[in-house]
Amino acid sequence: MAGAAADGLHPFVAVAFVEPAPVGERFGKRHWPLHVTLLRFDMAPEAAREAVSGALGVFGPPHVTVGHDADFGYRGRVRVSLVEPDTALQSLHDRIRVAVAAAGGRIHSPQHTGRGFRPHITVQGDRRVARGDRLILGAVSLVDMAPDGDTDWRLPVAEWAARSGQETAG
């Protein structure tokens, strides 16, 4: 497979989109729709889809509240809006993390997972959420971080709707 690492692992991220991001429609790496990242990991493509699907099963949509802004990343150069702690969102993160690890996936920045998980929505230019906004995260998507080996693009490859646990594949 083009773009796969020598070890057969491929970069993925599980997210809950706040803005539309249909399965099969790619976007540039600097033009992400607003989203909450649940887990960034490397894994073989089919194993990634199976791990996330198995972790989710049937889940209710987390209802979250946007908190204050913070600066993340190297030297605090990434502006984000934190998401207030939410047990349903933490549970989704934990379930995906455990399933990916159990299936042999390589989790990025493990210090930011589990108890270190700080859900947030990155500010994208003039696109952002505001403190106090209440959001319903109605689905979890699996995003390929290097479709066809091209790291300039991102591609949602599957989506699982809340409550049904049904997958939409592209």
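The values are calculated or read from the model by the stated rules, or taken from the named source; none is laboratory data. Since the model is a prediction, treat every value here as computed from it, not as a measurement. Positions of Cβ are backbone-derived with ideal geometry, glycine not excepted, and every protein chain shown enters the neighbour counts.
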Exercise for the section: Consider residue 98 carefully, then state whether it is farther than 14 Å from residue 37 by Cβ, of a type outside the set (Gly, Ala, Ser) and in contact (Cβ under 8 Å) with a residue 40 or more places away in the chain. Expected result: yes
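Considering only region 81-95, I want to know if a residue exists there that is within 22 Å of residue 112 (Cα to Cα) and in contact with a Gly (Cβ under 6 Å, 6 or more places away or on another chain).
yes
In region 119-137, what residues are surrounded by fewer than 14 Cβ atoms within 10 Å (Cβ to Cβ) and either among the acidic types (Asp, Glu) or modelled with pLDDT of 95 or more (or both)? Full working, then the answer.
Of all residues in region 119-137, those surrounded by fewer than 14 Cβ atoms within 10 Å (Cβ to Cβ) come to 125-126, 130-132, 134, 136.
126, 130, 131, 132, 134, 136, listed by residue number.
Working carefully through the options 67, 57, find the one that is in contact (Cβ under 8 Å) with a residue 12 or more places away in the chain and more than 19 Å from residue 128 (Cβ to Cβ). Spell out how you get there, then give the answer.
Working: 67 fails: more than 19 Å from residue 128 (Cβ to Cβ).
Being in contact (Cβ under 8 Å) with a residue 12 or more places away in the chain and more than 19 Å from residue 128 (Cβ to Cβ) holds for just one of 67, 57, which is 57.
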Handout entry: Residues of region 119-168 that turn out to be in a loop (DSSP other than H, G, I, E, B) and free of Cβ contacts under 8 Å to residues at least 40 places away in the same chain, as a count
Key = 3
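I'm trying to understand the selection: among the residues of region 89-116, which are of a type in the set (Gly, Ala, Ser), crowded, with 16+ Cβ neighbours inside 10 Å and part of a loop (DSSP other than H, G, I, E, B)?
Let us first name the residues in region 89-116 that are of a type in the set (Gly, Ala, Ser), namely 91, 99, 101-105, 109, 114, 116.
Now restrict to residues that are crowded, with 16+ Cβ neighbours inside 10 Å: 99, 101, 103, 105.
Once the filter is applied, which keeps residues that are of a type in the set (Gly, Ala, Ser), crowded, with 16+ Cβ neighbours inside 10 Å and part of a loop (DSSP other than H, G, I, E, B), region 89-116 yields 103, 105.
In contact with a Leu (Cβ under 6 Å, 6 or more places away or on another chain) and closer than 23 Å to residue 30 by Cα - does that describe any residue in region 150-160?
The initial filter retains those residues of region 150-160 that are in contact with a Leu (Cβ under 6 Å, 6 or more places away or on another chain), namely 157-158, 160.
From the residues that got through so far, the ones that are closer than 23 Å to residue 30 by Cα too are 157-158.
Yes, there is a match, as at least one residue in region 150-160 is in contact with a Leu (Cβ under 6 Å, 6 or more places away or on another chain) and closer than 23 Å to residue 30 by Cα.
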